[in-house]
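Notes to accompany the following structure.
The values are calculated or read from the model by the stated rules, or taken from the named source; none is laboratory data. Small disclaimer: the values here were computed from a predicted structure and weren't measured. Virtual Cβ from ideal backbone geometry, glycine too; neighbours counted across all protein chains shown.
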Amino acid sequence: MINRTLLVILVLLVAYVRTAAASDILIVGDSLSAAYGMPVEQGWVALLQQRLARECPACRVINASISGDTTATARARLPQAIDRHQPDLIILELGGNDGLRGLSLQAMQQNLAAMIEIATAGGGRVLLVGVQLPPNYGPQYTEKFHAIYRQLADEYTVALVPSIVDGVGTRSELMQPDGIHPNAQAQPLIADRVWTQLQPLLR
């Protein structure tokens, strides 16, 4: 009788752990997450999905990234994406197009803040992923741009990847000819960088 009781408890415990580890992960990003310039299966999101298939079989990735998206356009479509997919965790990788177009950094910060608030309103978790700008945009603008991600992560206590292209953007062999988008060779490095911050959120 005792053994049977212990067996039932063990089965229930395993079921609970599996359920707790299950996560629908919604990625809202721009071309850096949309596998711009390469087959989708070579992008970091697809590589992340492959890793999750091994590390967290109950996890599912929904990639809602759109090339060219700014924080404003992504903010506008985020509520509908959340309603549709009901994610447990949202990865926000945005801001690059704001910076490249010289848009208002204040508006960019407000848009990202609103997205974090929308994402966490229903109890969801957030991983904020920063990007980098080319140095030709000037130190004053780029420093303020990069600081936004840390400020938001601290303010809202969310996980942060400071820069998705750290150590990649300065290496020509890892970049596409446009000098903005990482190539297929860089994607495993990016996937590893995101995984480092994502993994603790899956526990």
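Odds and ends about this structure:
- Test for Gln42: is it over 25 Å from Ala119 (Cα atoms) and either buried (at least 19 other Cβ atoms within 10 Å of the Cβ) or at pLDDT 95 or above (or both): yes
- Number of the condition not met by Leu127 [criteria: (1) without any contact (Cβ under 8 Å) to a residue 60 or more places away in the chain; (2) within 26 Å of Asn183 (Cα to Cα)]: (1)
- Tally of residues being out of contact with any helix residue (DSSP H, G or I) (no Cβ under 6 Å at 6 or more places or on another chain), over 15 Å from Val126 (Cα atoms) and surrounded by fewer than 21 Cβ atoms within 10 Å (Cβ to Cβ) across segment 69-84: 6
- Residues satisfying the stated conditions in segment 154-176, i.e. over 25 Å from Met115 (Cα atoms), of a type in the set (D, E, K, R) and modelled with pLDDT of 95 or more: Glu173
- For segment 154-188, the candidate set comprises residues that are assigned to a helix (DSSP H, G or I) and under 17 Å from Gly96 (Cβ atoms); within that set, the residue that is farthest from the chain's Cα centre (by Cα) is Leu174.
- Per the conditions (1) free of Cβ contacts under 8 Å to residues at least 40 places away in the same chain; (2) touching a strand residue (DSSP E or B) at 6+ places or on another chain (Cβ under 9 Å); (3) of a type in the set (Gly, Ala, Ser), the sole criterion not satisfied by Ala53 is (2).
Yes/no per residue for (1) farther than 24 Å from Pro79 by Cα; (2) surrounded by fewer than 22 Cβ atoms within 10 Å (Cβ to Cβ); (3) hydroxyl-bearing (Ser, Thr, Tyr); (4) touching a Lys or Arg at 6+ places or on another chain (Cβ under 8 Å):
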site	(1), (2), (3), (4)
Ser31	no, yes, yes, no
Tyr36	yes, yes, yes, no
Gln50	yes, yes, no, no
Cys59	no, yes, no, no
Asn63	no, yes, no, no
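- Breaking point among (1) more than 16 Å from the chain's Cα centre (by Cα); (2) closer than 20 Å to Ile116 by Cα; (3) surrounded by fewer than 17 Cβ atoms within 10 Å (Cβ to Cβ), for Phe145: (3)
- The set of residues from segment 146-203 being among the aromatic types (Phe, Trp, Tyr) and within 23 Å of Gln109 (Cα to Cα) comprises Tyr149, Tyr156.
- Residue within segment 95-109 that is crowded, with 23+ Cβ neighbours inside 10 Å, touching a strand residue (DSSP E or B) at 6+ places or on another chain (Cβ under 7 Å) and of a type outside the set (Phe, Trp, Tyr) present: no
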